[in-house]
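Worksheet for the structure shown next.
The values are calculated or read from the model by the stated rules, or taken from the named source; none is laboratory data. Small disclaimer: the values here were computed from a predicted structure and weren't measured. With ideal geometry, Cβ positions are generated from the backbone for all residues, glycine too; neighbour counts draw on all protein chains shown. The area values use the complete protein model at the heavy-atom level, side chains included, leaving out ligands, DNA and RNA. Shrake-Rupley method; radii C 1.70, N 1.55, O 1.52, S 1.80 Å.
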Amino acid sequence: MKNRIFIVGLIIILGFLAIAAIAPQIVPCDPEAQDLYHVLEGPSRQHLLGTDDVGRDLLSRVIMGTRPTLFIGVTATFLSSVIGVLMGLIAGYKGGFIDMFIMRLTDTFMCMPVLIVVLALVAVLGPGIKSVIMAITFINWTSFARIVRGEVLFARELPYVEAARAMGASGLRIIFFHLLPNVTAPVIVTASIAISGNIMLESAVSFLGLGAQPPTSTWGNELRIGYSYLEIAPLFSLVPGALITLSVLAFNFIGDGLRDTFDPRLSNTLLNKNVKKSEVK
Amino acid sequence: MLLKVLNLCTYYQTGSSYVRAVDDISFELAKGETLGVVGESGCGKTAAALSLMRLIPSPGRIVSGKILFEGKDITALSIKELLSIRGDQIAMIFQDPMTALNPVLSIGEQLVEPFMIHRRLSRKVAIPLCIELLNKVRIPDAGSRMKSYPHELSGGMRQRVMIAMALALNPKIIIADEPTTALDVSIQAELLELLKNITREQNASLMLITHNLGIVARYADRVMIMYAGRIVEKAFTLNLYQTPLHPYTKGLLDSVPRLNQNNNKKLTPIKGQPPDLANLPQGCAFYERCTLKEARCKAKAPTLKKFTCDHEVACWLKEEGK
Amino acid sequence: MNANLMLKVNKISKQFPVYRRTVFKKKIGALNVLNSVSFDIVKGETLGLVGESGCGKTTVCRTIMQLEPLTAGEIFFKGERLSMLTKKELRQVRRHMQIIYQDPFGSLNPRMKVLDIIGEPLMIHKITSSKGEYKDMVADLMMMVGLNPLMSSRYPHEFSSGQRQRISIARAIAVKPDFLICDEPVSALDVSIQAQIINLLEEIKDKFSLTYLFVAHDLAVVHHVSSRIAVMYRGEIVEIADKDNLCRNPKHPYTKALLSAIPVPDPKERYKDEHALLRGENNDLLDVPSGCRFYPRCPFAMSLCYQKRPVLNKGNHHEHLTACHLHQES
Amino acid sequence: MKSYLLKRLLYSLLTLWLVSLFIFAIARILPGDPVQGVLMASHMGIADNNLIEGLRAKFGIDQPLPIQYLVWVKNFIIGDFGVSIASGEKVFEMFMKRLPVTLELFMGSAIWSMLIGFSCGIISAVRRNSFLDHLLTVGAVLGLSIPVFWEGIVLIYLLSVMTHILPPSGYVPFTESITGNLLAMAMPTFIMGTQGAGLIARYVRSSLLSVLGQDFIRTAYAKGLSERQVLIRHALKPAMIPVTTVAGLTFGYVTAGSFIVEYMFAIPGLGRMGVNAIFANDFPVIQATLFIVAINILAVNFLVDVLYGYLDPRVKVRS
């Protein structure tokens, strides 16, 4: 069951990636070409999904929108995972004051309303793709740090890690040969789930008008404009929204599938606060 | 005969292949006797025990065979009839007392359950009965222990609670699955002594499952040895230890280090590894490890046959009269 | 110091502080895991260490391996005081001192091939730099412990628990140590496999003229492999003697109880001995009674036992020593 | 147990302090001079230096930053959240006015989340690997994946534009019309509760499944309990204990949802106020919003810890 879900997710994402890769080649019309005589039209042979409020072809807009949406989701996740893994490794391996500091920092980030912080940061940095990526990275690295730290703390006590110490292995050897491999699987799982969250976040920011700026087309932007014309041209907002949902869903499917194959133990660490519970002792 | 098991087969289905956890075993259990079941991990002894109460977890399933308890076939009972036997007529003690008790319910809440379910007693009436039970298994300060949670007790104490719970309704059969494996030797001895005395008092039958040949030698009236899901030898305890017939039984007895043994005498282990139950080779499952193997052993698996009147063995080399 | 001495453990103690945390840590007591434990191991012998769960036998191993600091006492390995060594010197010492763990599943890295698991100590101690030689050495080691060298590219989960324990042994002897600590090496194994591993351990002991510290909870197994046996109870050695002396003529009531609690695989022995069964349980280490630690469970307890803690009387290497007031020469 | 809670409380306070620093910093680096904003709004951009200085003093932004911070914290503690730059209203009063609306939204969505989440999770676990289980599992992931704004659009389209069952937006106070209020809140609360429901459902499922696989469940069956009795007496309680930890996460989702939902449905609550404040660079309001949300999330997490310790007898020993 989980395997099938994983494959479905993978196919959807590969499809999106393929579309994003060749988007300019496959758009039926020029996505920028306005036609004020044909605005907010329903589906027709010429415009399969109809037109937007200035007469641009909706299908072409949506196809082009694949690019920034995926780009932001993936890039923000990649950046935050790099920062998070580093912080987590340091916190878990060094312990002591550094650990305490990093953990309190993650606590701080975790109790902030993500959307408002991102909106505020984007407002500070000025709207645009770059700021959205930076803002998301800024708030998103903590979940990686937490998971990596937990895994490192767990792995440090494993018998085979102790066996390596008894053999006389150096600290670096233990980190690279014995601790790091334990961390990769959970990080990959977290990342695929984080991508879905970040796509959703980006769309929300765009929906509120602070994301990528026109004329760049993102699904969130289309949705925002389309929402005003819901009664006249429902496809205008329903289609980009469906695409957002589909991509978020697909990344979640992949994450679930990976989690099940990699390690059943993870299904706890991700959602609940396993790490926290071990601190109770 | 209190319990009669006939050609019981319990398989676990994984994908398209079967794991034959219990493969065509038959045995009997008389009133008041203690039957020892010996085997190494994965030999099917736990699966056999769980089958008797139809507690086999999926994807496991009783495929064929009969379990006659006082003449009724347990495999054919309705759920309702089955529930009235479980815990009342047949009770079970599990291996690991750390996990076999519910961690979020107090000892008392778990102890009153058999009385409430099977006897329809109120909690109020059941509580003094439970305290009495705890006294019987020598738990000090039983009254206040009723309010304790499992994690507040030591391993030995928890196993006592398990024993008390199993004995609550004077069951006719008690199945003890490795009851002391998780415990220290000094506690093990006392607990087994306790279990033995109480079952004798209640005239209950005890099925004692263990990997420890010493425990069986001390407590069982009859023994059966299991290997790869089958019974390879079955006899009275004294006979089995004096004249072990199956090469596996002999091998086991030679593998155990003994205190009174001659110094510097090397152990003679059974070579090789136990077979994979998912794809058992044709013929005798012990073939690969056997020192006496012959061509016919590979061709066809031997069945359990009488060697002397109360000594059965499944080995081609030990046909009756030879 | 005796040149023949491999390991000298001198009055080691280990306490784990117990804190009560409210706002700040406040020490409210200490868990005495080890209390003034002393023993010697001479070259070529096997000292067996028996005791029940929580008696501190694993802590003894860990402190000898310098995986855990001591609270008090000293450990000398071949005359060298381990706590005084620098990191570099310690690494050198670790070449000569190896350990085999109980858990055949946890002690091998599941993501490494057997080749790299067995070869890891060779890499760490830079025994060889040529790839071919490295592979040959691992293959030799695998053969030595009864594994097929063709299986060297497999992962641990493809092996049975007995085979994994063989891998552990191969890893431990890879750097040709002099001294091997076996921490419950056969406890997790089935009887028939257990005997194989015991025999293997005895073989390689002869082959490499090793010295063992063999830790287990099963007195029969310890008796089989050891030349001398030390019995531990709640962090202390209560009796230490030559193995036959200890088993035929036990002095400490705890040793006696332990011996009689072992079920003998012979039905004729069933009614032979009145089992000197112990009452009560190994309780929390925190509330240690002021006198003998065994006092609450001892069938022979006297008032002296309650007042004064008996100590292991002094004697030379081969004497039968016990920490019990019944056997103390005043 | 007590010392454990005390420790958590201390951590929460420490976190709160870091949060306050962070929020203060964010609001200070927001672009645009707020005074200019006010002038644009109230004096048509015409002002002399005196007026500007006066306004700067009024908002306290003529002081050095550390002093500003201390004053801000002090005022916050005594309930003075400052004055909105955009409207000139006292922020505290704005809050009190909008609080009941948001509270109702939160409670409504919590009810949806728990109702749907628990029932789906339990059904899934009990009928595991059935078609229904697969359906509910996929449904739960869908619930987690569907963006609030799109769910809103779809539901508005289906229930308001096409069928006119529910009003597309707007808010009717409870005091005005009970049915009107419930009708107006039905859709927004459902939308806000969806993600929480998905989260709870999958968590309840996995937690219950892991409990059902444990040894003590087998013990309960061996005692002769029926499947139903085992579920109710033995499985539910230990399965629900870890689920309490999800409450914090769910609360986070609901909060995030409230910003968009209130904006979409034109509900005069705190979320809408927060979003509008960002558009208007209204930093006293932004600060207060962030801070209130952070305090709430911390409080919820702390309550979860208390609840956890109360429900799980094992925690008491650990401390």
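So the values come out like this:
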{"quantity": "Chain A: angle of helix A:129-156 to the longest principal axis, Cα-based, in degrees nearest 10", "calculated": "30 degrees"}
{"quantity": "Using θ = phi - 60° and Karplus 6.51 cos²θ - 1.76 cosθ + 1.60, couplings along region D:13-24 (whole Hz; Gly, Pro as x)", "calculated": "5, 4, 4, 4, 5, 4, 4, 5, 4, 5, 5, 4"}
{"quantity": "Region A:6-45: chymotrypsin sites (Phe, Trp or Tyr not before Pro) in DSSP coil with no more than 11 other Cβ atoms inside 10 Å", "calculated": "A:Tyr37"}
{"quantity": "Accessible-area ranking of C:His318, C:His223, largest first, probe 1.4 Å", "calculated": "C:His318, C:His223"}
{"quantity": "Accessible-area ranking of C:Met143, B:Met98, C:Met137, largest first, probe 1.4 Å", "calculated": "C:Met143, B:Met98, C:Met137"}
{"quantity": "For the protein assembly as shown: accessible area per residue (Å², 1.4 Å)", "calculated": "42 Å²"}
{"quantity": "For q = 0.05 Å⁻¹, Debye-computed log10 I/I(0) when each Cα of the protein assembly as shown counts as one equal scatterer", "calculated": "-0.46"}
{"quantity": "Helix axis angle, D:91-126 relative to chain D longest principal axis, alpha carbon, degrees", "calculated": "20 degrees"}
{"quantity": "For chain B, calculated [θ]222 nm from helices alone, where every DSSP H run of n ≥ 4 adds -39500 (n - 2.57)", "calculated": "-9500 deg cm²/dmol"}
{"quantity": "10 Å Cβ neighbours from other chains, averaged over peptide B:37-47", "calculated": "2"}
{"quantity": "Average Cα contact separation per residue, chain D, under 8 Å, 6 or more apart, as relative contact order %", "calculated": "26 percent"}
{"quantity": "Value of relative contact order over region B:87-174, rounded to a whole percent, pairs C-alpha under 8 Å and six or more apart", "calculated": "51 percent"}
{"quantity": "In region A:154-213, the GluC sites (Glu not before Pro) that fall in loop regions by DSSP, at most 15 other Cβ within 10 Å", "calculated": "A:Glu157"}
{"quantity": "Span from the region A:73-111 Cα centroid across to the region D:273-289 one, whole angstrom", "calculated": "28 Å"}
{"quantity": "Gyration tensor over alpha-carbon atoms, chain D, equivalent ellipsoid semi-axes in Å", "calculated": "44, 27, 14"}
{"quantity": "Rel. contact order, % - alpha carbon contacts under 8 angstrom, at least six apart, chain B", "calculated": "20 percent"}
{"quantity": "Neighbour count of at most 10 Cβ within 10 Å plus DSSP loop: longest GluC sites (Glu not before Pro)-free window in chain C", "calculated": "C:1-273"}
{"quantity": "Radius, Kirkwood style, for region A:56-208 when every pair of distinct Cα atoms is counted (Å)", "calculated": "16.9 Å"}
{"quantity": "Proximal charge balance of A:Asp57 [Cβ under 13 Å; K/R count +1, D/E count -1]", "calculated": "-4"}
{"quantity": "Convex hull volume of chain B per residue (C-alpha atoms, cubic angstrom)", "calculated": "150 Å³"}
{"quantity": "Integer Hz, Karplus 6.51/-1.76/1.60 couplings in order for region C:56-71, x for Gly and Pro", "calculated": "x, 5, 5, 5, 4, 4, 5, 6, 5, 6, 6, 8, 8, x, 8, 7"}
{"quantity": "Dmax and Rg, reported as Rg then Dmax, of region C:157-243 (C-alpha, Å)", "calculated": "13.5, 42"}
{"quantity": "Label zone at B:Ser41 (point 7 Å along Cα-to-Cβ), backbone N below 16 Å, region B:87-113", "calculated": "B:95-97"}
{"quantity": "Residues with amide H under 5 Å from that of C:Ile100, placed H, sequence gap 5 or more", "calculated": "C:Ile181, C:Cys182, C:Asp183"}
{"quantity": "Most mobile of D:Leu136, D:Leu13, D:Leu298 in a GNM of chain D (Cα contacts under 10 Å)", "calculated": "D:Leu13"}
{"quantity": "Against the rule of thumb 2.2 N^0.38 Å, how large the Cα Rg of region A:2-280 comes out", "calculated": "1.18"}
{"quantity": "Under-5 Å amide H pairs with C:Ile237, H placed in peptide plane, nonlocal only", "calculated": "C:Ser38"}
{"quantity": "Too-long pairs where the Cα-Cα distance tops 20 Å, listed order kept, from C:Lys88/C:Lys126; B:Lys31/B:Lys72; B:Lys266/C:Lys207; B:Lys266/C:Lys205; C:Lys14/C:Lys78; B:Lys45/B:Lys298", "calculated": "C:Lys14/C:Lys78; B:Lys45/B:Lys298"}
{"quantity": "Among D:Leu270, D:Leu105, D:Leu159: highest mean-square fluctuation, GNM of chain D, C-alpha pairs under 10 Å", "calculated": "D:Leu159"}
{"quantity": "For residues of A:163-176, the mean tally of beta carbons on other chains within 10 Å", "calculated": "6"}
{"quantity": "Calculated P(r) tail over 25 Å for region B:170-322, as whole % of Cα pairs", "calculated": "39 percent"}
{"quantity": "Residue-wise HN-Hα coupling along region B:207-223, computed from phi with Karplus coefficients 6.51, -1.76, 1.60 (Hz; x: Gly, Pro)", "calculated": "9, 9, 9, 7, 9, 8, 5, x, 4, 5, 4, 7, 10, 8, 7, 10, 10"}
{"quantity": "Choice from A:Gly197, A:Gly15, A:Gly257 with maximal GNM fluctuation in chain A (Cα, 10 Å cutoff)", "calculated": "A:Gly15"}
{"quantity": "Ranked by how many other beta carbons lie within 10 Å on average, peptides A:126-139, D:82-95 from highest", "calculated": "A:126-139, D:82-95"}
{"quantity": "Shielding of A:43-51 by partner chains, average beta-carbon count, 10 Å", "calculated": "0"}
{"quantity": "For D:Phe81, distant residues with modelled amide H under 5 Å away", "calculated": "D:Val91, D:Phe92"}
